[in-house]
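Encoded as structure tokens, the structure appears first; notes follow it.
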Amino acid sequence: GPREEIIYIPCIYRNTGKKIPDFLATVDVDPKSPTYSQVIHRLPMPNVGDELHHSGWNICSSCHGDPGKSRDFLVLPALISSRIYVVDVRSDPRAPRLHKVVNPEDVFWKCDLGYPHTSHCLGSGEIMISTLGDPAGNGKGGFILLDAETFEVKGTWEKGEQVPPMGYDFWYQPRHNVLISTEWGEPKALGYGFDPSDLGKGRYGRRLNVWDWSTHRYVQAIDVGEDSAPLEIRFLHNPDASQGFVGCTISSAIHRFYKAQDGTWAAHKVIQVPSKKVQGWLLPEMPGFITDILISLDDRFLYFSNWLHGDVRQYDISDPKHPKLVGQVFVGGSITKGGQVRVCEDEELQSQPEPLVIQGKKIPGGPQMLQLSLDGRRLYVSTSLYSAWDRQFYPDLIR
């Protein structure tokens, strides 16, 4: 595609002490523009305390080649309020406007689900959104279906009595009749911040959950370790590929998942980010905390962010079983020089990294969400993970 000229990013006021709605910012990323690198528009939501988080399009590659379909709407689930906002980006891409609000009551009553996270479109044009739990904040993996035209809640995608104990992200691959979803944790546990005492109590996820794509039934669980919290999952882009990668946050590992010869699915660890022994932090050892991963469109590179350590990494995945580290850059993080944390033992670095300073301002927070340009030449990185955890780990980011 052509070089991007604007990007959209959700901006969060929840947990900042200001009772102001979250907003969607439009940022000019055209180097030839007089407003390059500036926020050129804000679209505030009509409610306070939503916690915008992920976003998705009304149309994605499942509809590729259909001239009647175009990316006209951005779907913005609110992680805490359970609202779903639909934003019109067709009328004026540089100044998007609110098109529809799906109220949480519709999600609760029609689906018995809450805490929506990832939205993908389906080949049918419907929108499918994964959830973290039920309306009360207990863990529950499920999927909301929205109508392709009206964006009304149609009900749940999943069928049958069996559902996973938790949910988060998902990716589907119809050519292999599979959908695989992940698990973060119980909303009522993680909603107020990260409490180490929750570890070992089954409040954080440990499974990749495998679904039969045609019957919508839950068929298999792949255990990737206690309290590993597998978050973002990505199949290779080649639609024939029967493998991909998942990033586990708390265990700071990347697992390759794949289809076994008997037709079941399996996973094995291919990358482990070592923890650093530290002083002046919450725990004596600091994990990397992998929060987002993505794969380049040519399936050549895997990128991921270590939100606590502060580095973004690039791996060559030409051989998916043996990724090779080929690039690394520090973008903030908790271990930079001059901060509160002293690194006592580090398997990877000779010294603590320098802070990232842009236009005289030290960048607070660590690298979190990633988006690669279509030509694979620019990687956009945002710094907020989730406001309750931002407040805990990066109070400067909140300020």
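Within the full protein context, the accessible area of Trp213 is estimated at about 50 Å² for a probe radius of 1.4 Å. For the pair Ser242 and Glu348, the difference between a 0.36 nm per residue extended length and the Cα-Cα distance amounts to 34.9 nm.
With the whole protein complex present, Asp223 retains an accessible surface near 90 Å², based on a 1.4 Å probe.
Of all segments of the chain bounded by GluC sites (Glu not before Pro) found in a DSSP loop with no more than 10 other C-beta atoms within 10 Å, the longest spans 162-346. Look at the Cα gyration tensor of the chain: its axes a ≥ b ≥ c give a/c under 1.5, and that counts as rounded. Per-residue SASA remark: Lys140, around 50 Å² accessible (1.4 Å probe; ligands, DNA and RNA not included).
Evaluated with a Cβ-only charge set (Lys, Arg +1; Asp, Glu -1), segment 51-393 carries a dipole of roughly 580 debye about its Cα centre, given to the nearest 20.
For the set His120, His99, solvent exposure ranked by accessible area (probe 1.4 Å, protein chains only) runs largest to smallest as His99, His120. Computed over protein heavy atoms with a 1.4 Å probe, the accessible surface of the chain works out to 45 Å² per residue. With both labels modelled 7 Å from their Cα along Cα-to-Cβ, the Leu297 to Val27 distance reads 2.0 nm.
Counting only protein heavy atoms and a 1.4 Å probe, tell me what percentage of the chain's accessible area is made up of carbon and sulfur. Answer for the chain is 48 percent, counting heavy atoms of protein chains only.
Loop-located trypsin sites (Lys or Arg not before Pro) across segment 286-346 with a Cβ neighbour count of 16 or fewer within 10 Å are Arg300, Lys321, Lys337, with loop assigned by DSSP. The largest accessible area among Met369, Met286 belongs to the first residue in Met369, Met286, and the rest follow in falling order (1.4 Å probe, all chains).
The values are calculated or read from the model by the stated rules, or taken from the named source; none is laboratory data. In this text the structure is predicted, and so the values were computed from the model without any measurement. Neighbour counts run over all protein chains shown; Cβ positions are idealised from the backbone, glycine included. Just the protein is used for accessible areas: all its heavy atoms, side chains included, with ligands, DNA and RNA removed. Shrake-Rupley method; radii C 1.70, N 1.55, O 1.52, S 1.80 Å.
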